[in-house]
Amino acid sequence: MEIAVLSMPDYKYLYQITENVTPLDKDCGELCGSVCCRPHGNKALGMYLFPGEEVMFSGDEPWLEYERHDPGLYDFPDNWEYPVFFVKCAPPCPRKARPLSCRLFPLAPHLLEDGSLLIIHETMKLPYRCPLILKDFPLRKDFIDTVTEVWRELLKNDKIYRLVQEDSRDRERNLKKLPRVFRLQRLP
């Protein structure tokens, strides 16, 4: 595995290839009222940025609230350093500026013990119910292909690789079986 630092050109590329590809042929938010893009109760939804992804934002976006988290206080591998950026969205967000986590949802990476990459439904506990996961909607092949390509790039970074590896072992311990597998990819 490479120990790559993802730079602005890397993230620009990942944003560019994910800009126009979506899970369905239509806006999946029509199925659920865009449940993943709006606050729940008095809580704004948020996500962690990947290491270095903060270069894609000025820090002055009116639709993003930034928090700097200490990875030692959260569930991050010991190779992550302060700060880990957590962003909360205040809709509507400009679609072209969405963080990668939004662009990749509802799929997630899972690393097998042999290092093979599976692309599966997200298994993280969410404050909402995503119909794409609950009803197992068929996802567009170009979306699955793009998500796979993005994860192949992200996993070149040791911090991201370790996080996905630890999440994968946790998932295997805590779930009776893995959710639907969309793609199996051997990593170099």
Just give me the residues in the stretch 4-21 being under 18 Å from Lys141 (Cα atoms) and surrounded by fewer than 18 Cβ atoms within 10 Å (Cβ to Cβ), in sequence order.
Gln16, Ile17, Glu19, Asn20, Val21
Residue check, Asp114 against (1) surrounded by fewer than 16 Cβ atoms within 10 Å (Cβ to Cβ); (2) farther than 25 Å from Pro179 by Cβ; (3) modelled with pLDDT of 90 or more, all met but one. Which one?
(2)
Can you find a residue that is assigned to a loop (DSSP other than H, G, I, E, B) and either modelled with pLDDT of 95 or more or of a type in the set (Asp, Glu) (or both) anywhere in the stretch 139-154?
no
Hey, among the residues in the stretch 94-110 that are of a type outside the set (D, E, K, R) and closer than 14 Å to Gly59 by Cα, which one's surrounded by the most Cβ atoms within 10 Å (Cβ to Cβ)?
Pro99
Taking only pairs six or more apart or across chains, which ones have beta-carbon atoms under 6 Å, a first residue in the stretch 172-187 that is under 20 Å from Leu155 (Cβ atoms) and among the basic types (Lys, Arg), and a second residue that is assigned to a loop (DSSP other than H, G, I, E, B) and at pLDDT 85 or above?
Arg186/Ser116
When the stretch 142-180 is checked residue by residue, the ones that are within 14 Å of Phe105 (Cα to Cα), in contact with a strand residue (DSSP E or B) (Cβ under 7 Å, 6 or more places away or on another chain) and among the β-branched types (Val, Ile, Thr) are Ile144, Val147, Thr148
When the residues of the stretch 43-93 are narrowed to those that are under 26 Å from Val21 (Cα atoms) and of a type in the set (Ser, Thr, Tyr), which ends up surrounded by the fewest Cβ atoms within 10 Å (Cβ to Cβ)?
Ser58
Within the group Pro92, Pro83, which residue is more than 23 Å from Asp10 (Cα to Cα), of a type outside the set (D, E, K, R) and without any contact (Cβ under 8 Å) to a residue 60 or more places away in the chain?
Pro92
Taking the stretch 155-184 and keeping residues under 21 Å from Tyr15 (Cα atoms) and either polar (S, T, N, Q) or assigned to a loop (DSSP other than H, G, I, E, B) (or both) leaves Leu155, Lys156, Asn157
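The values are calculated or read from the model by the stated rules, or taken from the named source; none is laboratory data. Since the model is a prediction, treat every value here as computed from it, not as a measurement. Glycine gets a Cβ as well: all are built from the backbone with ideal geometry, and neighbour counts include every protein chain shown.
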